[in-house]
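Since every read-out is calculated from the coordinates, none of them should be taken as a lab result. Everything quoted here is computed from the prediction, not taken from an experiment. Every residue, glycine among them, receives a Cβ derived from its backbone with ideal geometry; neighbour counts consider all protein chains shown.
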Amino acid sequence: MPSLNWSEMSHLQLGRCAEYLAMAEFLSYRYEIYPSEVDDHGVDFLVKSPEGVLYEVQVKSTRGSYVYIPKSKMPRLDAQRLVCYLRFADRFPPELYVIPAYAWKAPNAVLVSRDYGKGRRSKPEWGINYAKKNLDLLRPYRSENIFSKIKERDKMANCVFCKIAAGEIPSTKVYEDETVLAFRDLDPQAPTHVLLIPKEHIASAAEITPENSAVVAHIFEIAAKVAEELGLGNGFRIVNNCGADGMQSVPHLHFHLLGGKKMGWPPFPEDE
Ligand code: AMP
């Protein structure tokens, strides 16, 4: 149990303590830590998430209620910059929040944007305005909430099918609506080979839950429609490969729609 007499520490000591606590928090979520080579834009250290995405981290600590970052030190409000905010009150463990810079794109009572205007002494700043009555606005940035969000984003950043769904990688689409996309497989294993995916990132069939399963039912409706449109009236096969033993190679839920030729069964004829 550390000493909780934060008010007895110097400003410098508190800042160092905040930086180490921030690093410990990232380490506990299995991030790797790297020193920042340049310190002129306020970055205290770099972290790499377990999914391999790099972030710049700026640590901000206070015993009061307001801290700020000059806008010149955080000019781009992008997802690759995280502000680790620690608030210290005597007798309590510090409260720690991880706030992605893009959160300031929609300022509120806690995350404020201050532009003092021409001729004023203060420069434009992004601020964090702590008040007990506004704690709800900070809750999304508590570790237990934000790290799972970042993980989802990271997975999408690396996911080829998310990129296809976002139109960032080209595909030969055969069907699209708000939640589902169907496109031709690059390496067809049958005369007709289409992949059906949910646009939302679901890693595999093992990750289907009561919350996300509706899209799976919808995919099967679309599969029947697409099969008919592609002339598979004589039958088809829908295959889902799941996980390592299932030989899944793209970790974004997808169903193979195969047809156009009579197929064999069972899948392991050599074991018979
Ligand atoms: P699975 O082995 O079940 O994970 O299937 C992944 C499928 O995605 C394979 O059949 C690949 O040929 C196909 N695939 C991978 N990248 C692309 C892409 N960019 N466009 C279309 N199909 C792809």
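Just a few scattered comments:
- Degrees separating the helix 214-229 axis from the principal Cα axis of the chain, which is the longest one: 40 degrees
- Isolated cysteines in the chain, defined as those with no second cysteine Cβ under 4.7 Å, comprise Cys17, Cys84, Cys242.
- Theoretical ellipticity at 222 nm over the chain - DSSP helices of four or more residues, -39500 (n - 2.57) apiece, nearest 500: -7000 deg cm²/dmol
- Unit charges at the beta carbon, dipole of the chain: most positive-side option, Ser72, Ser122, Met156: Ser122
- Percent of beta bridges antiparallel (DSSP, the chain, rounded to nearest 5): 85 percent
- Of the residues Ser7, Leu21, Leu54, the one whose Cα sits farthest towards the positive end of the charge dipole of the chain is Ser7 (charges of +1 on Lys and Arg Cβ, -1 on Asp and Glu Cβ, taken about the Cα centre).
- Sorted fewest first by neighbouring Cβ atoms within 10 angstrom, Ile169, Ile164 come out as Ile169, Ile164.
- With Cα atoms, 0 to 90° folded angle of helix 143-158 axis to the chain main axis: 50 degrees
- Coupling constants for the range 76-87 follow from the phi torsions by the Karplus curve (6.51 cos²θ - 1.76 cosθ + 1.60, θ = phi - 60°), and in residue order they are 9, 8, 9, 6, 8, 10, 10, 9, 9, 10, 10, 10 Hz; glycine and proline get x.
- This model, with +1 at the C-beta of Lys and Arg and -1 at the C-beta of Asp and Glu, gives the chain a dipole about its Cα centre of some 1580 debye.
- Under Karplus coefficients 6.51, -1.76 and 1.60, residue-wise ³J(HN,Hα) of the range 93-102 in Hz, glycine/proline x: x, x, 8, 10, 10, 10, 10, x, 4, 5
- When each of the peptides 251-261, 207-217 is scored by how many other beta carbons lie within 10 Å of its residues on average, the order from highest to lowest is 251-261, 207-217.
- A Cα-only calculation for the chain places Rg and Dmax at 25.0, 85 Å.
- Applying the Karplus relation 6.51 cos²θ - 1.76 cosθ + 1.60 with θ = phi - 60° to the range 121-134 yields 3J(HN,Hα) values of 6, 7, 8, x, 8, 9, x, 10, 10, 7, 8, 3, 5, 9 Hz, where x marks Gly and Pro.
- Least to most buried among Phe92, Phe236 (fewest other Cβ within 10 Å first): Phe92, Phe236
- Ranked list, fewest to most other Cβ atoms within 10 Å of each Cβ, for Met1, Met74, Met263: Met1, Met263, Met74
- Taken about its Cα centre, the range 160-271 carries a charge dipole of roughly 340 debye when the Cβ of each Lys and Arg holds +1 and the Cβ of each Asp and Glu holds -1.
- Local net charge near Tyr116, Cβ-Cβ under 12 Å (Lys/Arg +1, Asp/Glu -1): +4
- The distance from the alpha carbon centre of the range 140-170 to that of the range 1-77 is 23 Å, rounded to a whole number.
- Relative contact order for the chain: 12 percent, from Cα pairs under 8 Å spaced at least 6 residues apart, divided by residue count.
- Folded to 0 to 90 degrees: helix 11-28 orientation relative to the chain principal axis, Cα: 20 degrees
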